[in-house]
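Bear in mind that the values in this text are calculations on the coordinates, not laboratory data. Every value quoted in this text rests on a predicted model; they were computed, and no experiment measured them. Note: ideal-geometry Cβ built from the backbone for every residue, glycine included; neighbour counts use all protein chains shown.
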Amino acid sequence: MRKKTEFAFILVFSFLFLFSLFCAQERETEPVQLQKISDNIYEIRGGRGANGGLFVGKNGVMVIDAKMTQESVDQTIQEIKKMTDKPIQYLINTHSDGDHVQGNRFFPQRVTIVAHENCRKEFFHPDRNGEPSEWNDPELAPFIPSVTFQDKMAIYMGEKKVELWYFGVGHTTGDSVVYFPEEKTAFIGDQFFAGRPQLIHSYKGGNSFEYVQTVHRMLETLDAETFCSGHSKPVDRRTLKKHVTQLKKMQSQIRSMVEKGQTLEEVKEAFDEKEQGLAGVIFSEISSRNKN
């Protein structure tokens, strides 16, 4: 009798534990919402995947980044339909990370997908673990960027001009900035993170030192005042500059440690857990430079 009671208790406890995990996951995924930035410009928040953007033009709609799942894309489209019956004309991929592009396949095929030419190449880049990219599947071909640019591109939404800029290697090799000059608002993908160090995808050719120069060029070129990114609320120029300054300080500290002959393990131990990934990237970049 005692064993049956213990077994029943374990079953109930296991059920409650699994149910609590399920509820926690559900709470983590907020419904897709459109947060107004300025007239006709919105940030797409919630759902599965990174924050995106939306511009409602005279004759059509531009979406910036695509979430990850059909449910999140469907929610995005439904939210757009609540405010306009204009069709989605363009989908801009700021870079090739899955949380920004997986949802491409759930948009109507008539939508023109635009990205930097390096971003398109990175769709076919092997995964971090070396596995071939799923985008090699011919059935996904309609959802890979079909229009690319090198340095700068303009898209006219009626009389409104939207600028696409490429300032160089950073988070990856193909990061685009979508700029609305009249509103002084820029969507910069993963070129900024709040509350955590900058993420650099070395396996995609990203580089922390080039990232610093890339962001400097962006700030010097664009008169933007508001910067919308994939994993934070909109920030101002001062916040973005502070983010870069912190990275430069970290680079300087690690360079000094490398010059003293300290190992990768010793370098990582000098930083807290959330900084150790970036510390390893910077160590490798400096070590590679010294060898050359």
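Loop only per DSSP, at most 14 neighbouring Cβ atoms within 10 Å: give me the GluC sites (Glu not before Pro) in the range 22-96, ordered by residue number. Mind showing how you got there, number by number?
On the way: sites: GLU26, GLU28, GLU43, GLU71, GLU79; in loops: none.
Sparse-neighbourhood loop GluC sites (Glu not before Pro): none present.
Remark on the range 63-222: hydrodynamic radius 16.3 angstrom, per the Kirkwood mean of 1/r across alpha carbon pairs. For the range 112-189, the list of GluC sites (Glu not before Pro) that fall in a loop by DSSP and count at most 16 other C-beta atoms within 10 angstrom reads GLU159, GLU182.
Please give the length that would be gained between GLU182 and ASP127 if that part of the chain were fully extended, namely 0.36 nm times their separation in residues minus their C-alpha to C-alpha distance (nm, one decimal).
Numbers: separation 55, 0.36 × 55 = 19.80 nm, distance 3.83 nm.
The GLU182-ASP127 span can extend by a further 16.0 nm.
Based on the alpha-carbon gyration tensor of the range 105-149 and its eigenvalue square roots a ≥ b ≥ c, which shape applies: rounded if a/c is under 1.5, prolate if not and a/b is larger than b/c, or oblate? Verdict is oblate for the range 105-149. Our note on the geometry: Cα centres of the range 230-248 and the range 145-201, 15 Å apart. The range 213-266 gives an Rg/Rh value of 1.14, both radii derived from C-alpha positions and Rh following Kirkwood. Taking trypsin sites (Lys or Arg not before Pro) across the range 61-155, the ones in a DSSP loop with at most 14 further Cβ atoms lying within 10 angstrom of their Cβ are ARG110, ARG128.
Just add up the charged neighbours of GLU43: K/R +1, D/E -1, any other residue whose Cβ is under 10 Å from the Cβ of GLU43. The answer is +3. Taking a ≥ b ≥ c as the square roots of the eigenvalues of the Cα gyration tensor of the chain, is the shape rounded (a/c under 1.5), prolate (a/b larger than b/c) or oblate? Oblate shape, in that a/c is at least 1.5 and b/c is the bigger or equal ratio. Please tell me which of these pairs span more than 28 angstrom C-alpha to C-alpha: LYS160/LYS249; LYS81/LYS121; LYS81/LYS152; LYS67/LYS161? Exceeds cut-off: LYS160/LYS249; LYS81/LYS121; LYS81/LYS152. Structure note, pairs LYS184/LYS268; LYS241/LYS274; LYS204/LYS242: Cα-Cα distances above 31 angstrom occur for LYS184/LYS268.
When the Gaussian network model of the chain links Cα atoms closer than 10 Å, the mean-square fluctuations of ALA224, ALA186, ALA270 top out at ALA270. Rounded to whole Å, give me the distance from the Cα center of the range 87-120 to that of the range 252-267. The two parts, judged by their Cα centres, are 40 Å apart. With a Förster radius of 25 Å applied to the C-beta separation of GLU117 and ASP137, the computed FRET efficiency comes to 0.75.
Among rounded, prolate and oblate, which fits the range 134-250 when a ≥ b ≥ c are the square roots of the eigenvalues of its C-alpha gyration tensor, a/c under 1.5 means rounded, and a/b larger than b/c means prolate? Spell out each step's value before the answer.
Numbers: a/c = 1.92, a/b = 1.16, b/c = 1.65.
Here the range 134-250 falls in the oblate category.
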